[in-house]
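Here's the structure, in structure tokens; my notes come after.
Only the coordinates and a few stated rules stand behind these numbers; no lab work does. Computed from a predicted structure; not experimentally measured. Here Cβ is always computed from backbone atoms with ideal geometry, including for glycine, and neighbour counts include all displayed protein chains.
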Amino acid sequence: MKVLGIETSCDETGVAVYDTGAGLLAHCLYSQIPLHAEYGGVVPELASRDHVRKLLPLVTEVLTRAGCAGNPPVDAVAYTAGPGLAGALLVGAGTARALALAWDVPAVEVHHMEAHLLAPLLEDNPPDFPFVALLVSGGHTQLVDVEGVGRYRLLGESIDDAAGEAFDKTAKLMGLPYPGGPVLARLAEQGNPAAYSFPRPLLDRPGCDFSFSGLKTAVMLVIKAARAAQAGTTQARDGDGVSEDLPPAVMADIAASFQQAVVDTLVNKSRRALEAAGRSDLVVAGGVSANVALRAALRDMGAQCAVQVHYPRFDFCSDNGAMVAFAGAQRLLAGERAGLAIQVRARWPMTELVPPA
Ligand code: KG4
Ligand code: ZN
């Protein structure tokens, strides 16, 4: 079965064709980063309009690259129905349903975080169920015990900012350009992770929940102190927290120390989750799973605790169409079909998902 996957939940237009026999046939991604850069963050209305502009040309390109020339060119269409930006989701959902109707093939709704969670299964030597998943994206930070497709038990989650959001907000505070997360991570590679001692929230309490919002404040205080020291005064300047005026070495040290605090917290809670669930496989997915320091720390934890750690390929850590085509295919194989109504859900807890019938 050939499945066309469509992802438009935020600022990436992703399209792919996954064949349940032959694997991934083609995928294309259009990133809106330059469009949103001048605003310092994603502007939902601009995101929707750009998905409208780019989606159909990408579908045509992917179908050509995948060699899908028949009529219908695919056997089904899968699309992200949530969670995400409602307008952006609607572009993907409306287009997907229209294509399915025109080709007279079934359509299926995909949960964006389920798609992230299953993305490592697209790789060679995929993990077997059950496993624990650490989902770390711009909107979510969750530890989930996964017994199969749709069989999810939430072990812990962030009670405030998601890990990616913490990277993005801290980067903004430091005056780094959008998209902040990866820029901060690159800067951190040149810094000393022990230069500043940032808090590791909730590590002193039992359980697998996270809290990242306090880290921002801690970084802001360090920035103010560093600026004051640089200005040779004891009084920190009032301002918006933008710190382009700090020396590059100080910026790199702040970035590295912040990143270390996030990484330590994610690794510690992942270990707890693995122990609590009695699993020896950890799947890490979502945009932050591309973080090199996180991968190194998880590798060490895995070696110490006899845990195998699995990732999607770098291209599929952040949003993409391949993970949507793959997740949709799993549900289609089990006979799942979406009704005719085009519905999207900006908020959609993954624990509401049920296994395919
Ligand atoms: O999964 P994703 O593409 O979109 C959502 O579903 O949210 O994740 C995007 C998030 C952003 O917050 C971005 O800053 C973060 O992932 N991110 C990173 C890195 N690459 C992307 N955070 C830390 N280190 C990175 N290398
Ligand atoms: Zn995502």
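Pair-distance distribution P(r) for region 37-86, from all Cα-Cα distances in 5 Å bins starting at 0: 5, 14, 18, 21, 15, 13, 8, 4, 1 percent. Label sites at Ala346 and Asp104, each approximated as a point 7 angstrom past Cα along Cα to Cβ, lie 3.9 nm apart. The distance between label points at Cys305 and Ser280 comes to 1.4 nm (points 7 Å beyond Cα on the Cα→Cβ vector). Size of region 77-123 from its Cα atoms: along the principal axes, largest to smallest, the extents are 32, 24, 11 Å.
How much length would be gained if the chain were fully extended between Arg295 and Ser213, taking 0.36 nm per residue of separation minus their Cα-Cα distance, in nm to one decimal? If you can, show how the numbers build up before the last one.
Values: separation 82, 0.36 × 82 = 29.52 nm, distance 2.24 nm.
Using 0.36 nm per residue and subtracting the Cα-Cα distance, I get 27.3 nm.
Using a Gaussian network for the chain with springs between C-alpha atoms less than 10 Å apart, which of these wobbles most: Ala102, Ala119, Ala66? Evaluated over the chain, the most mobile residue of the options is Ala102. For the residues Ala218, Ala107, Ala163, a GNM of the chain with alpha-carbon springs under 10 Å puts the largest fluctuation on Ala218.
Rg and Dmax of region 268-357, based on Cα coordinates, read 16.3, 50 Å. Taking a point 7 Å out from the Cα of Arg153 in the direction of its Cβ, the residues of region 251-285 whose backbone N falls within less than 13 Å of it are 273-279. Normalising by residue count, region 133-172 has a Cα convex hull of 56 Å³ per residue. Distance from the C-alpha centroid of region 260-337 to that of region 11-43: 20 Å, rounded to the whole angstrom. Counted over the chain, the DSSP beta bridges are approximately 60% antiparallel.
Using the Kirkwood radius over Cα pairs, work out the Stokes-Einstein diffusion coefficient for region 167-238 at 10 °C and 1.306 mPa s, in µm²/s as a whole number. Could the numbers behind the result be given before it?
Values: Rh = 13.8 Å.
The Stokes-Einstein estimate is 115 µm²/s.
For Thr141, the residues whose amide H sits under 5 Å from its own are Ser158, Ala163, ignoring neighbours fewer than 5 places away on the same chain, with H placed 1.01 Å from N. Based on the Cβ-Cβ distance from Val354 to Leu333, what FRET efficiency comes out when R0 is 22 Å, to the nearest 0.05? The calculated FRET efficiency here is 0.90. For Lys54, the aspartates and glutamates whose Cα comes closer than 13 Å to its Cα, not counting residues fewer than 8 places off in the same chain, are Glu7, Asp11, Glu12.
Using the Kirkwood radius built from alpha carbon pairs, what does the Stokes-Einstein equation give as D for region 1-117 at 20 °C and 1.002 mPa s, in µm² per second?
This corresponds to a translational diffusion coefficient of 151 µm²/s.
At the listed q of 0.19 Å⁻¹, the Debye profile of region 32-178, built from one uniform point per Cα, gives log10 I(q)/I(0) equal to -1.29.
Can you give the Rg to Rh ratio of the chain, both from alpha-carbon atoms, with Rh computed by the Kirkwood formula?
Numbers: Rg = 21.1 Å, Rh = 21.1 Å.
We get a ratio of 1.00 for the chain.
Apply the Debye scattering formula to region 6-68, with a single equal point scatterer on each alpha-carbon and no solvent, then give log10 I(q)/I(0) at q = 0.12 Å⁻¹. Debye curve over Cα of region 6-68, log10 I(q)/I(0) at q = 0.12 Å⁻¹: -0.33. If you average 1/r over every pair of different alpha-carbon atoms in region 248-299 and take one over that average, what Kirkwood value in Å do you get? So the Kirkwood estimate lands at 12.1 Å. When you filter the trypsin sites (Lys or Arg not before Pro) in region 57-162 for DSSP loop state and at most 15 other Cβ atoms inside 10 Å of their Cβ, nothing is left. Straight-line cross-link reach from Lys269 at under 30 Å between alpha-carbon atoms covers these lysines, not counting any fewer than eight positions away in the same chain: Lys169, Lys172, Lys216. All alpha carbon pair distances within region 138-284 were sorted into 5 Å bins beginning at 0; the resulting P(r) in whole percents reads 2, 10, 18, 20, 17, 12, 9, 6, 3, 2, 1, 0.
Explain nothing, just the number: dipole magnitude of the chain about its Cα centre with +1 on each Lys and Arg Cβ and -1 on each Asp and Glu Cβ, in debye rounded to the nearest 20. Don't skip to the answer; put the middle values down first.
Working: 28 positive and 38 negative charges, 42 e Å.
So the magnitude is around 200 debye.
Across region 88-118, the residues whose backbone nitrogen lies under 18 Å from the label position 7 Å along the beta-carbon direction of Arg49 are 88-92. When the chain is treated as a Gaussian network with alpha carbon springs shorter than 10 Å, the biggest mean-square fluctuation among Gly232, Gly339, Gly181 belongs to Gly232. Each Cα pair under 8 Å and six or more residues apart adds its sequence gap; the mean of these over the residue count of the chain is a relative contact order of 25 percent.
Computed over region 206-357, the range of Cα coordinates on each principal axis works out to 69, 44, 31 Å, biggest value leading.
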